[in-house]
Structures are given as structure tokens and as C-alpha cells.
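The values are calculated or read from the model by the stated rules, or taken from the named source; none is laboratory data. In this text the structure is predicted, and so the values were computed from the model without any measurement. Cβ placement follows ideal geometry from the backbone for every residue including glycine, while neighbour counts extend to all protein chains displayed.
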């Protein structure tokens, strides 16, 4: 496992390779990108969600992952989320000069999701509002609705961020998941963006 990273004043990039008996994952990001992506997790719907995450957060990201998807895609999906969380934390460095908080409400047709992000250094997830049975839907042939929460849990824990995610409306399982990823992307974009008026760490404690 290897990582590289830097503070806001320098290039905010990070790269990590993570290998277990269940998966092999490479994630590389640039927080100050244009939203370009090169995603291959062997789980097509997850690739679609991660591509949307890049596009709407303006984070450049490369993801290459292989795993025991012949058993279940859960391991690969979660391990990619873990690795993304780790590189996000690394790329943020000491978090000096960032806005820290971000919020977004995003629709996708009948679905509507609201996300609030705090780059606090304290991992926490509040996730709710999905209609009954959403977790049991199989989307794109491989991705079950229950994986959405697992992805956000892994990201928040390993990135050290707080995320409140609430589904306000939705019927189509695909739309419900995609609205959440896009809302998270827009909120994350705002939270990690440098604010020229912020001097030092955006916390009265002096550390995040």
C-alpha cells in the first residue's frame, strides 16, 4: 500500500494501491481537476456512479479494480470506497484554506437527494429517506441498493468526513442512487474548494 499527498498550497493529489485476498484496487485523484475520470471496477453501474461523482465534484479520478465478483460485488465495491476515502483524506492534507462545509440538493427526474458534508476529521454518516425495499433492488444486474449506504459509510470513515444524506423523493431505484451520488459530489465539491478568505485551518480548534 502506498500513498502520496499534499496540502492545499501544493498540488492536492493522492494515489493508493490496496490489495487484499478479495480485491485489488488502485485509486488516484486530483481535487483541483475538471471532473475527468477513468473508471473500471468491473461493476458497470458502480462505474457509472463514480463517473458521475467525478463529473459533478470536478475531482479527476482514476480507478482500476478487480475482485471476487464471481462471488459477490460487495467486496470490490466497498474496497474501492475505502480506498477513495483514504486518498481523499491524503489529498486534503491539513485542510488549510478549504471551505470545509458543503451542501447540495440534486434531482434526477422524480428522485431528489440532499447532502451536507463537513470535512471535520470526525467520520459520521446519517443516511435516510430511501423508500422501503430500496436496499433489495438489483440495479444494472449487479449493484444492490443496500450497497449505496455501504459506499457512503466507507468513504466517510476513511476520509474522516461527516455526511448527512437524505432522499427526499424517488421511485426508480436507479434514480434514487444516482441522485445521492450527484448530491454528494456537489456537496463535496463545495466543501473541499479553497476559499481565498480563509487563513489556516477552518476550525476554532486549529486542527481538523
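Quick look at the numbers
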item: Failed criterion for residue 77 (all others in (1) in a helix (DSSP H, G or I); (2) farther than 21 Å from residue 156 by Cβ; (3) in contact with a helix residue (DSSP H, G or I) (Cβ under 9 Å, 6 or more places away or on another chain) hold); result: (2)
item: Out of 65, 19, 11, sole residue that is touching a strand residue (DSSP E or B) at 6+ places or on another chain (Cβ under 8 Å), without any contact (Cβ under 8 Å) to a residue 60 or more places away in the chain and over 25 Å from residue 117 (Cβ atoms); result: 19
item: Condition met for residue 130 (part of a loop (DSSP other than H, G, I, E, B), buried (at least 16 other Cβ atoms within 10 Å of the Cβ) and at pLDDT 95 or above); result: yes
item: Among residues of segment 13-32, those that are touching a helix residue (DSSP H, G or I) at 6+ places or on another chain (Cβ under 8 Å) and assigned to a loop (DSSP other than H, G, I, E, B), counted; result: 3
item: Residue 163 outside any helix (DSSP H, G or I) and touching a helix residue (DSSP H, G or I) at 6+ places or on another chain (Cβ under 8 Å); result: yes
